[in-house]
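Here the structure comes first, spelled out in structure tokens, and everything after it is commentary.
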Amino acid sequence: MEFRQLNYFIAVAEEANLTAASRRLHISQPPITRQIRQLEEELGAQLFHRSSKGVQLTAAGKAFLSEAQRLVQIAKSASEKCRAADRGEIGQLMVGHYGATIHAAVPHAIRRFQKARPDVSVQIRRATKREQYEQLRDGRMGVGFARHYLNDPDLETICVSTERLYAAARIGCLPDTSPGSFKLATLEDVPVIVFPQGGRPSFADHILDMLARANVCPANVDTAEDVFAAIAMTMISDSVCIIPESVAELKWPELECVPLDDPSAVSPVNCIFLKRGRAPVVDAFLEIIVR
């Protein structure tokens with residue numbers, strides 16, 4: 001049984017006339033008649049009563065019509081879903097995140113994508129960079145987010161946004177500076193906290209490199225496990241911690257956050273994905289977030 005035969009049968013049944021069905025299908029009558037005969041032979045039942053006035057469904061034809069219509073509709077729906085999946089309009093997307101990217105960059109990117117592709121199911125998973133590398137390769141994850149990644153021959157990284165950096169310290173403990181701004185030079189001989197401890201290259205490396213380029217030498221540098229540990233350490237010490245804007249905007253109690261007055265005081269947010277062989281839904285995601 002072929003879908004072509006089902007389409008011919010449905011057209012003749014609904015038009016109750018071979019000539020009308022022929023016009024509807026844009027083909028001549030003989031192929032329609034031949035295919036319906038073959039269908040009847042395969043089913044072992046007569047589907048139409050034929051007369052000079054036209055055709056009428058037999059009892060078997062009436063029973064078969066509803067099922068034929070349902071089968072054709074299922075096939076049509078399956079074809080549409082297949083094409084939609086190939087365009088990245090439906091499916092599932094697993095998004096990995098590491099570090100403070102979850103506070104603003106990741107939700108913002110996902111909201112934009114869901115607005116454009118509402119039929120794609122998006123899940124978010126916290127994953128170290130090593131876990132992201134592994135899960136991107138084996139297909140469990142579509143894209144990952146972090147601030148810094150190692151170069152990898154199988155993976156590609158793009159910068160999707162940047163964040164301004166802020167100096168954070170316990171209220172009353174920030175070194176003297178101009179109101180509303182903080183110069184990197186002010187950190188000379190000041191204790192500094194950086195984060196995280198793992199995931200090199202990392203945000204901690206970025207901050208230390210920025211200080212080195214500015215020829216600023218802190219009194220000492222402590223490394224916290226993650227942003228939350230860094231904030232806690234800052235609240236119980238006289239140290240200054242450099243944090244991204246999205247973290248500063250969380251309005252931590254007992255913490256004063258001032259933007260760094262330096263053009264280099266920004267941090268990237270990067271997205272990582274497979275260079276080749278990635279799912280269409282990943283391409284759809286990338287097309288939207290890099291606009």
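None of the figures in this text is laboratory data; all of them are computed from the coordinates on show. It should be emphasised that the depicted structure is a prediction, and the values quoted were computed from it without experimental measurement. For neighbour counting, all protein chains shown are included, and Cβ atoms are generated from backbone atoms with ideal geometry for every residue, glycine included.
Towards the positive end of the charge dipole of the chain, with charges on Cβ (+1 Lys, Arg; -1 Asp, Glu), say which of 38, 219, 257 has the farthest Cα. Towards the positive end, the residue furthest out is 38.
Given R0 = 22 Å, the distance between the Cβ atoms of residue 209 and residue 189 translates into a calculated FRET efficiency of 0.70. Using only alpha-carbon positions in the chain, the gyration tensor eigenvalues give semi-axes of 68, 16, 14 Å once each is multiplied by 5 and square-rooted (largest first). Compared with the direct C-alpha span, the chain from residue 236 to residue 3 gains 76.6 nm at full extension, assuming 0.36 nm per residue. Coordinate range of the alpha-carbon atoms in the stretch 3-86 per principal axis, descending: 48, 26, 19 Å. Label separation (residue 53 vs residue 221): 9.5 nm, computed from points 7 Å beyond Cα along the C-beta direction.
In the stretch 3-86, a dipole from Cβ-located charges (positive for Lys and Arg, negative for Asp and Glu) runs towards its positive end, and of 73, 11, 22 it is 22 whose Cα lies farthest in that direction. For the stretch 139-291, the Cα-based Rg and Dmax, in that order, read 17.3, 54 Å. Using a simple spin-label model with pseudo-atoms 7 Å out from Cα toward Cβ, residue 254 and residue 67 lie 7.5 nm apart.
Among residues other than residue 92 whose Cβ falls under 13 Å from its Cβ, what is the net charge (Lys/Arg +1, Asp/Glu -1)?
On the way: positive: 117, 125, 140; negative: 89, 119.
Overall, the nearby charge balance is +1.
Give me the number: length gained by fully extending residue 46 to residue 17, i.e. 0.36 nm times residue separation minus the C-alpha to C-alpha distance, one decimal in nm. The partial results should precede the final answer.
On the way: separation 29, 0.36 × 29 = 10.44 nm, distance 1.63 nm.
Separation in residues times 0.36 nm, less the Cα-Cα distance, equals 8.8 nm.
Placing dummy labels 7 Å off each Cα toward the beta-carbon, the span from residue 126 to residue 34 is 6.8 nm. Bridging of residue 129 to lysines at a Cα separation below 20 Å is possible for 275, once same-chain residues fewer than 8 apart are set aside.
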